Amino acid sequence: MLKGMVSLVTGGASGLGKATVETLIKNGGKVVILDIQGTRAEEVAKSLGENVIASKGCVSSEEDVKKALNVVMSKFGRLDNLINCAGYSQCHQVYNFYKDRPSDLEHFAKCVNVNAIGTFNTIRLSVALMGKNKPSESGQRGVIVNTASAIAMEGDIGQAAYAASTAAIIGMTLPIARDLASQGIRNVTIAPGIFDTPLVSYLPEKMIEFIKRMTPFPSRLGKPEEFAHLVTSIIENPMLNGEVIRLDGAQRWFPL
């Protein structure tokens, strides 16, 4: 089913996005990567062949997203799937009582801008192309897969901004699915736990081991290819719509 499908993957230059791009190409798909890391995106595209094109840009920029969609149409002539993997994470407590000052508002705003606004921005612009597709036998014209986080539901100390911004993605999942239902476009969100990506490479080994212990089974970090596997399963299963799927090995957080 994936063979010949055209996907726009945001954040496709590394981590979960890169694994998704690799899996889509392995299954005969065609991909345009939209990533702020332009050079890295170019390297990924070059390594995977002619069916991958890189477009540098930020998901919260209307101009950058439109540019990437123009690349999609000029190169492949259609858009079947939008996979939102671009994201931004940081850790700041709401108030530093030792230094007697509040968290910088810019930190919170950037999380919301990239994660929540960026996700909505790519969706609102991409569905214009999907809506022009000839519907399948089941009436489907396109699929959107977003990335939130289990932290949206169980954020810990210092994670207010990331939790809020990814909770917004979860909150918009069902309304957007209903908005697009008449056009045969599905919208699903994955809420992963802690995965082995560059975003967690800065964590100390003790923290990594703690995270593993907090994951009942399998007791390890998630693998990016497991995320990518779920993305392809969502694309292939037409009954999945308006849903948020936790992908975390039953991982749950408790206050430290």
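No lab work stands behind these numbers, since they all come straight from the coordinates. Since the model is a prediction, treat every value here as computed from it, not as a measurement. Quick reminder, even Gly has a Cβ in these numbers, built from the backbone with ideal geometry, and neighbours come from all protein chains shown.
Please state, as a whole number in µm²/s, the translational diffusion coefficient that the Stokes-Einstein equation yields for the range 160-201 at 20 °C and 1.002 mPa s, with Rh defined as the Kirkwood radius across alpha carbon pairs.
For these conditions, the coefficient is 177 µm²/s.
Using Cα pairs closer than 8 Å and at least 6 residues apart in sequence, work out the relative contact order for the chain, in percent.
19
If a helix is a whole DSSP H run, which ones in the chain reach 24 Å or further along their own axis (Cα) and hold a mean Kyte-Doolittle hydropathy of at least 1.0?
160-180
Give the span of the chain's Cα atoms along each principal axis, as three whole-Å numbers ordered largest to smallest.
Per principal axis, max minus min of the Cα coordinates gives 58, 38, 38 Å.
Treating only the Cα positions of the range 115-256 as identical point scatterers, give the base-10 log of I(q)/I(0) from the Debye formula at each q in 0.11, 0.18 Å⁻¹.
-0.46, -1.04
From the C-alpha gyration tensor of the range 1-116, pull out the three semi-axes of the equivalent ellipsoid (sqrt of 5λ each), sorted largest to smallest, in whole Å.
33, 14, 11
For a quick check: sort Arg141, Arg40 by the number of other beta carbons within 10 angstrom, fewest at the front.
By the 10 Å Cβ count, ascending: Arg40, Arg141.
Quick one: plug the Kirkwood hydrodynamic radius of the range 15-69 (C-alpha pairs) into Stokes-Einstein at 25 °C, 0.890 mPa s, and report D in µm²/s.
D, rounded to a whole number, is 219 µm²/s.
If you count the DSSP beta bridges with both ends in the range 8-101, what percent of them are antiparallel, to the nearest 5?
About 10 percent, rounded to the nearest 5.
Using a ≥ b ≥ c from the Cα gyration tensor of the range 61-165 (square roots of the eigenvalues), is it rounded, prolate or oblate, where a/c under 1.5 gives rounded and otherwise the larger of a/b and b/c decides, a/b for prolate?
prolate
Quick check: pseudo-label points 7 Å beyond the Cα along Cα→Cβ at Ile170 and Ile208, how many nm apart are they?
If labels sit at Ile170 and Ile208, their model points lie 2.7 nm apart.
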